[in-house]
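S.K.: I'd like to ask some things about the structure below.
The values are calculated or read from the model by the stated rules, or taken from the named source; none is laboratory data. No experiment lies behind these values; they were computed from the predicted model shown. Methodologically, a virtual Cβ is constructed for each residue, glycine included, from the backbone with ideal geometry; neighbour enumeration extends over all protein chains shown. Note: accessible area is taken over every heavy atom of the protein model, side chains too, but ligands, DNA and RNA are not part of it. Shrake-Rupley method; radii C 1.70, N 1.55, O 1.52, S 1.80 Å.
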Amino acid sequence: KYYITEYSLLLKTYSNNNIIISAGIFCISTVTIVAFSLPLTAILIIFSGYLFGLFGLPLSLISITLGSLVPYGVARFIKSSILRERALKYIEQIQVYIDKNQFIYFTMIRMIPFTPASISSAIGGIFNIKIPIFIVQKCVR
């Protein structure tokens, strides 16, 4: 009848007793879910607050940022081979503007409505956004 309540209390008790193991499992699962662009990020943030309290915020922020580096890195790798052959002239035209002020242009790219985070992360990789700018932007959005 009250299975959700029983299991959530059991999970919370386990995470309180084994904080390092539960934080590690949470981080690995969050990085994996964000890296594969599964639409569970908001649920994981709420879940981290429930399980870890205020410690859940930095834990989920770091995990989500690390997970979003995967599409960024994949896009940087693929850009060097596949996209260079097909769309190099278009990318270079846009790259000139983005190189002038990467932070502002990447902010504009990330603020496009209804764009999945993995797509905007991949765009950052395609246009060679510097990793510190990428990480700051990921924390802002």
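S.K.: From 77, 134, 47, 55, grab the single residue that is in a helix (DSSP H, G or I) and touching a helix residue (DSSP H, G or I) at 6+ places or on another chain (Cβ under 7 Å). It would help to see each step written out before you state the result.
M.R.: Numbers: 77 fails: touching a helix residue (DSSP H, G or I) at 6+ places or on another chain (Cβ under 7 Å); 47 fails: touching a helix residue (DSSP H, G or I) at 6+ places or on another chain (Cβ under 7 Å); 55 fails: touching a helix residue (DSSP H, G or I) at 6+ places or on another chain (Cβ under 7 Å).
The conditions single out 134.
S.K.: Residue check, residue 37 against (1) in contact (Cβ under 8 Å) with a residue 12 or more places away in the chain; (2) of a type in the set (Gly, Ala, Ser); (3) part of a helix (DSSP H, G or I), all met but one. Which one?
M.R.: Result: residue 37 fails condition (3) only.
S.K.: How many of the residues making up region 106-118 are out of contact with any Lys or Arg (no Cβ under 6 Å at 6 or more places or on another chain), part of a helix (DSSP H, G or I) and either touching a residue at least 12 places away in the same chain (Cβ under 8 Å) or open to solvent by less than 80 Å² (accessible area, probe 1.4 Å) (or both)? Spell out the reasoning first.
M.R.: Residues of region 106-118 that are out of contact with any Lys or Arg (no Cβ under 6 Å at 6 or more places or on another chain), as a first pass: 106-109, 111-118.
Next cut, part of a helix (DSSP H, G or I) only: 106-109, 117-118.
The next check asks that each one be either touching a residue at least 12 places away in the same chain (Cβ under 8 Å) or open to solvent by less than 80 Å² (accessible area, probe 1.4 Å) (or both); those that pass are 106-107, 109, 117-118.
So the count comes out to 5.
S.K.: Take residue 97 and tell me if it is within 19 Å of the chain's Cα centre (by Cα), within 24 Å of residue 139 (Cα to Cα) and either surrounded by fewer than 15 Cβ atoms within 10 Å (Cβ to Cβ) or at pLDDT 75 or above (or both). So that I can check it myself, show each step before the final result.
M.R.: Working: within 19 Å of the chain's Cα centre (by Cα): no; within 24 Å of residue 139 (Cα to Cα): yes; either surrounded by fewer than 15 Cβ atoms within 10 Å (Cβ to Cβ) or at pLDDT 75 or above (or both): yes.
The answer is no for residue 97.
S.K.: Still on this structure: Identify all residues within region 40-66 that are closer than 18 Å to residue 118 by Cβ, touching a residue at least 24 places away in the same chain (Cβ under 8 Å) and open to solvent by 80 Å² or more (accessible area, probe 1.4 Å); write none if there are none. Steps first, please.
M.R.: Taking region 40-66 first, the residues closer than 18 Å to residue 118 by Cβ are 40-45, 60-66.
Filter once more, keeping what is touching a residue at least 24 places away in the same chain (Cβ under 8 Å): 41, 60-66.
Correct list: 62, 66.
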